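Novice: This is the structure, below, for whatever I ask next.
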Amino acid sequence: MTWAVDLDGVVWLAGEALPGAAEAVEQLRRAGDRVVFLTNNSGPRLAGHLAKLAAVGIRCEAGDLVTSAEAAASLISPGSRVAVVGDEGIYEALAERSVEVVAPHDSPSAVVVGRTVELDYDELAAAAGAVRAGARFVATNTDATFPTGDGLLPGAGALVAFLATASGREPEVAGKPHEAMANLVRRRYGQVEVMAGDRPDTDGLFAKRLGARFGLVFSGVTRRDDLPVEPAPDLVADDLAGLVREYVRRPH
């Protein structure tokens with residue numbers, strides 16, 4: 001069977017390992033399960049995500065990781081001219097699709113938006129103008145917040161909301177829980193049995209889209225005090241290690 005595991009708030013917080021996560025992944029693998037990783041964080045390149053996983057003690061091949069940057073790129077036709085508001089992960093994913101990245105004031109056919117901390121008002125204004133002029137508006141994801149050890153920071157959804165307000169257009173969203181990400185997951189891994197994550201609105205809805213069980217952890221955005229949530233999780237635990245223990249205890 002295959003487990004799909006979110007990264008931020010499940011495996012780590014801002015790159016700092018969450019206790020027991022690496023051991024939980026190894027426990028699943030020893031039992032013969034496949035563990036793949038799905039993230040709405042479009043910022044790092046694939047090598048950056050893999051290096052962070054290695055740093056917290058988790059082995060992962062590039063084929064066992066799907067990002068919202070890849071999902072967004074899958075919506076863009078090769079040869080298109082696209083503007084980007086976001087970080088290196090988006091540029092890498094678009095390059096893999098043979099997409100040309102241009103400035104937002106250079107008449108792009110699409111604008112792809114993801115989380116970045118390097119913001120330029122003039123660039124944002126030009127991107128909004130391109131969308132108003134008819135460019136396709138693609139968001140890697142709309143997570144409102146980004147979990148860190150010091151609390152929640154603005155996520156990609158905050159930037160997407162800025163551009164949606166400024167352009168008067170709503171985006172096509174690629175990452176969890178939307179279909180572009182689901183298509184990549186189905187194509188690469190087939191049926192997923194458990195989706196482990198910290199957000200009902202992304203991980204939970206994505207589990208439902210995949211026909212998987214939703215395992216909710218309280219190590220990221222959602223807290224136990226937030227229950228009940230929709231969609232209702234099939235399993236709950238404080239962290240990934242607890243979720244694996246809970247799954248093993250239950251009859252399948």
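The values are calculated or read from the model by the stated rules, or taken from the named source; none is laboratory data. Worth saying up front: this structure is predicted, and the values here are computed from it rather than measured. Cβ coordinates were reconstructed from backbone atoms using ideal geometry, including for glycine residues, and neighbour counts include every protein chain displayed.
Novice: So in segment 6-42, with the set limited to residues that are over 20 Å from ASP201 (Cβ atoms) and within 17 Å of the chain's Cα centre (by Cα), which one is surrounded by the most Cβ atoms within 10 Å (Cβ to Cβ)? Let's see the steps before the verdict.
Specialist: First, the residues of segment 6-42 that are over 20 Å from ASP201 (Cβ atoms): 12, 14-36.
Pick out the ones that are also within 17 Å of the chain's Cα centre (by Cα) and you get 12, 14-15, 35-36.
Numbers: TRP12: 23, ALA14: 12, GLY15: 16, VAL35: 21, VAL36: 18.
The residue in question is TRP12.
Novice: For ALA237, are the conditions met, namely being in contact with a Gly (Cβ under 6 Å, 6 or more places away or on another chain), assigned by TED's automatic domain parsing to the domain that holds GLU16, over 15 Å from THR2 (Cβ atoms) and buried (at least 20 other Cβ atoms within 10 Å of the Cβ)? Talk me through it step by step, then tell me what you get.
Specialist: Values: in contact with a Gly (Cβ under 6 Å, 6 or more places away or on another chain): no; assigned by TED's automatic domain parsing to the domain that holds GLU16: yes; over 15 Å from THR2 (Cβ atoms): yes; buried (at least 20 other Cβ atoms within 10 Å of the Cβ): yes.
Spelling it out, it is not the case that ALA237 is in contact with a Gly (Cβ under 6 Å, 6 or more places away or on another chain), assigned by TED's automatic domain parsing to the domain that holds GLU16, over 15 Å from THR2 (Cβ atoms) and buried (at least 20 other Cβ atoms within 10 Å of the Cβ).
Novice: If you take the residues in segment 211-234 that are free of Cβ contacts under 8 Å to residues at least 12 places away in the same chain and acidic (Asp, Glu), which one is surrounded by the fewest Cβ atoms within 10 Å (Cβ to Cβ)?
Specialist: ASP225
Novice: Ok, one more. Does ALA182 fit the bill of being at pLDDT 95 or above, in the same structural domain as ARG209 (by TED's automatic domain parsing) and under 16 Å from the mean Cα position of the chain (by Cα)? Give the steps one after another, and end with the answer.
Specialist: Values: at pLDDT 95 or above: yes; in the same structural domain as ARG209 (by TED's automatic domain parsing): yes; under 16 Å from the mean Cα position of the chain (by Cα): yes.
Answer is yes for this residue.
Novice: Scan GLU23, GLU70 and give me the residue that is over 22 Å from VAL173 (Cα atoms), assigned to a helix (DSSP H, G or I), in contact (Cβ under 8 Å) with a residue 40 or more places away in the chain and not aliphatic (A, V, I, L, M).
Specialist: Numbers: GLU70 fails: over 22 Å from VAL173 (Cα atoms).
Checking each option against the conditions leaves just GLU23.
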